[in-house]
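> Here's a structure for you.
The values are calculated or read from the model by the stated rules, or taken from the named source; none is laboratory data. Just so it is clear, the model here is predicted, and its values are computed rather than measured. So basically every Cβ, Gly included, is an ideal-geometry build from the backbone, and we count neighbours across all protein chains shown.
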Amino acid sequence: MNIALFASGTGSNAEVILQKLPTLLYGYNVEINLILTNNTDAGVLNIANQFGIPAQVILLKNLPNNEIEGNYLQLLQQYEIDFIVLAGYLKKIPAALTAAYPQKIVNIHPALLPAYGGAGMYGRHVHEAILAAGEKQSGITVHYVDEVYDHGQIIFQVSCQVDVNDTADTLAQKIQQLEHKHYSEVIAQIIVSQFPVK
Ligand code: GRF
């Protein structure tokens, strides 16, 4: 089975997944064979290059919805993708994709959904909102992707403490550590349960 990784930015999660997943799924016929981004400057393109994974920049700007959906579907078909991992992908996944890949698209969110999710809640904005609200804890959520932002079924969550002297930067670091520790393992577990044949 083939996995596509979608990312818009630095791609630190994508990098850790590329490092860890082959070992976690050793013996399984699973390959990450596409990195897809919407951003020509995304750091994840260098990571794709380092790991020798084909990368594609998808054109989304100023296109009608049906053409955007067509662009995604065409690429996913071309690379025979069975499963999609979002790792910091900032564009909304079109309904045609969630319909074509039900329970086969996962995302990681840097907070404990359903709180602090939805449009505009990404990156620093999430951590700033958590600090402004005086929350005592935050965490990460891995969830299936449906047609509503940050809404699909929750698969995994783990929390961390928010300390009084935390800033958006220190909280971001704590969250990133949790993401790098857990996301690959959660993905591996989902894949083993959905595609059990070795
Ligand atoms: C992560 O915090 C993830 O939770 C969110 O986007 C960020 C991506 O970071 N969806 P990176 O590009 O993997 O470093």
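> Can you go through Tyr116, Tyr122 and tell me which one is more than 17 Å from Ile35 (Cα to Cα), free of Cβ contacts under 8 Å to residues at least 40 places away in the same chain, out of contact with any helix residue (DSSP H, G or I) (no Cβ under 7 Å at 6 or more places or on another chain) and hydroxyl-bearing (Ser, Thr, Tyr)?
Matching residue, one of Tyr116, Tyr122: Tyr122.
> Can you list the strands (runs of 3 or more DSSP E) found entirely within region 1-87 that contain at least 3 residues being within 16 Å of the ligand (Cβ to nearest atom)?
Result: 2-6, 31-37, 83-86.
> Going by the conditions given, is Ile154 in contact (Cβ under 8 Å) with a residue 40 or more places away in the chain and surrounded by 20 or more Cβ atoms within 10 Å (Cβ to Cβ)?
no
> Spot the failing condition for Ala96; the list is (1) within 16 Å of the ligand (Cβ to nearest atom); (2) small (Gly, Ala, Ser); (3) part of a helix (DSSP H, G or I); (4) over 30 Å from Lys136 (Cα atoms), and only one is missed.
Here Ala96 clears every test but (1).
> Right, something else. Looking at His151, His143, can you tell me which residue is modelled with pLDDT under 95 and within 19 Å of Gln103 (Cβ to Cβ)?
Result of the check over His151, His143: His151.
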